[in-house]
Amino acid sequence: MAKKKGSIVYKCSSCGYTQPGWLGRCPQCGEWNTLEECITDPNAATPTLSGGTAVKVRPVPLAKIAVQGEGRITTGIEEFDRVLGGGATLRSAVLIGGEPGIGKSTLLLQSAASVLKAHKGRILYVSGEESASQIKGRATRLALDVGQVEILCTLRLEDILDALDSLTPSLVIIDSIQTVYSVQAGIVPGTVSQLKYCANELIGWVKERDSVLFMTAHVTKDGTIAGPKSLEHMVDTVISFERNNNDDLRFLHALKNRFGSVDELGVFKMEQDGLKMVDDPSTLFITKREKGLPAGVSCVPVFEGSRVFVVEIQALTVGAKGAINRVYSDRIDSARVSRVAAVIEKCAGIKFSDVDIYINVAGGARLSESAIDAALAAALYSARTDIALPERTAIVGELSLAGEIRPVAKLKERVKAAKEMGFTTVLTPEKSAGATAVSDISALVRALFSNTLDGKTTVR
């Protein structure tokens, strides 16, 4: 049931007597000017019919709590279910953020069509941005069978709650939460008060029923979800929908997930008939070339959740345009790039302080794990010396400030994935089946460039 607005009553500060209107004298105790205005909580405990005493919520020891299994609704889209942790958990709220036109509505409409096929139950699609005819037109264009989906085009929270109470759907889609408003929090949608109040009401409804709530959200110009940060704390799962430099590719990953991992990555391709899962995502991050490998390019196997992708790191160094050199990198933290460049300068005798550094990741993936350090160092060294790395070579390892290449987690799985993709040489911090061990920057440089240095640089 929807929560009711608290009503105003007048309570005597002397005896606690309450009544709906103000009086100068309390009818019960006879005191003057003791009635004070206060607001009642409609969700507080109410007296029972028999004894007249209030039934209050009391703490219960954890030992007496029965653990219940997490029921899930699978969306039928494997990449989406992977990011959700195996499907959407019942009685949970999921917030999906992404820039305009990236495909949030398309993804949820395709999910609704898949859920209709696999599960019994009703689906409510609430749209505050598009008309019902626009949604029907998209479904027709994508050839989706969503005839049984209930469409509600409204901005008012009260209309949504009434529809929820009458339909009791198993899947609720709110597109988007920034358009919903309630007269209890004002009349302007998108304000902090509106977002917190409306989201809390919707989450409270779904928490009491075996339903799943999906809410789309607007994002700011820097890609973060618009509105108060508390909105992300209120929901169970926060998912970011991004695109790379290639407008057709879409990346789906969880920023928060109470029911699964936040390391999984979903990869889609936008086509005329909707979002399509990429059959072999690992090939997206390697550039296919007819000629040899250019200078400044290295490959590293990275983990995204339970999968290994071999990713190509591209580096470029040019003379600094001013007195201070700069690092341009939006796919790898620029502080990491500066640190790795400083280690190379100290341990390998290559100067980076007089050049601007540009770093890119093929396919548009974002890399944050420390296992990319050695490959990043190789790409920087290659770019600075203009010497290409050997063909079909992958590098993995963490780089210390002393120039040591340190072990990383799940090394065997990384080596295996690289070998399966056709890499004949894999350089790692320690010996592993099919891999070559390198202990520090000097050993890495010798292993990669010993046949091609020709006096271009000095390795210390």
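Against the chain, whose longest principal axis is taken from its Cα atoms, helix 373-385 shows a tilt of about 50°.
Taking Rh as the Kirkwood radius computed over C-alpha pairs, what is the Stokes-Einstein D of the range 127-248 at 4 °C in a medium of viscosity 1.567 mPa s, expressed in µm² per second? Could you put the intermediate results ahead of the total?
On the way: Rh = 15.7 Å.
Reported coefficient: 83 µm²/s.
Listed as lacking a disulfide-compatible partner in the chain: 38, 153, 198, 299, 347, by the criterion of no other cysteine Cβ under 4.7 Å.
Considering lysine pairs in the range 260-393 that are 8 or more places apart or on different chains, how many have Cα atoms under 25 Å apart? Please list the in-between numbers first.
Working: 269/288; 276/288; 321/346; 321/351.
Final tally of qualifying lysine pairs is 4.
Once the C-beta distance of residue 208 and residue 431 is scaled by a Förster radius of 60 Å, the resulting FRET efficiency is 0.60 to the nearest 0.05.
Among the lysines, which fall within straight-line cross-link reach of residue 431, defined as a Cα-Cα distance under 25 Å, with same-chain neighbours fewer than 8 residues apart omitted? Within the straight-line limit of under 25 Å, residue 431 reaches these lysines: 410, 412, 416, 419.
Only Lys, Arg, Asp and Glu count, each charged at its Cβ (+1, +1, -1, -1), so figure out the dipole size of the chain about its Cα centre, rounded to 20 debye. Each step should come with its number before you reach the end.
Values: 54 positive and 52 negative charges, 140 e Å.
Its charge dipole is roughly 680 debye.
Taking all protein chains as present, what is the carbon and sulfur share of the accessible area of the chain, in % to the nearest whole number, probe 1.4 Å? Heavy-atom surface of the chain belonging to carbon and sulfur, 1.4 Å probe: 51 percent.
Quick one: length gained pulling residue 15 to residue 400 fully straight, 0.36 nm per residue minus the C-alpha distance? All intermediate terms of the calculation are to be shown ahead of the outcome.
Details: separation 385, 0.36 × 385 = 138.60 nm, distance 7.08 nm.
Gain on stretching residue 15 to residue 400: 131.5 nm.
Here the range 268-349 is assigned +1 on the Cβ of each Lys and Arg and -1 on the Cβ of each Asp and Glu. Its dipole about the Cα centre then comes out at about 400 debye.
Out of all DSSP beta bridges with both ends in the chain, state the antiparallel percent to the nearest 5.
Details: 46 of 82 bridges.
So the antiparallel bridges in the chain amount to around 55 percent.
Protein heavy-atom accessible surface, 1.4 Å probe, per residue over the chain: 50 Å².
Working note: 222 nm ellipticity from helices only, DSSP H runs with n ≥ 4, each -39,500 (n - 2.57), summed and divided by the residues of the chain, gives -7500 deg cm²/dmol to the nearest 500. Computed from Cα atoms, the angle from the helix 192-207 axis to the main principal axis of the chain rounds to 80 degrees. Taking the longest Cα principal axis of the chain as reference, the axis of helix 157-167 is set at about 80 degrees.
Placing +1 on the Cβ of every Lys and Arg and -1 on the Cβ of every Asp and Glu, with no other charges, gives the range 49-171 a dipole of roughly 440 debye about its Cα centre. Using the structure shown, select from 120/256; 11/64; 117/207 the pairs with a Cα to Cα distance greater than 32 angstrom. Beyond 32 Å between Cα atoms: 11/64. Each part reduced to its alpha carbon centroid, the range 24-39 and the range 194-227 end up 42 Å apart.
The values are calculated or read from the model by the stated rules, or taken from the named source; none is laboratory data. Remember, predicted model here, so these are calculated numbers, not experimental data. Neighbour counts are summed over all protein chains in view; Cβ atoms, including those assigned to glycine, are modelled from backbone coordinates with ideal geometry. What goes into the accessible areas is simple: the full protein's heavy atoms, side chains included, and nothing from ligands, DNA or RNA. Shrake-Rupley method; radii C 1.70, N 1.55, O 1.52, S 1.80 Å.
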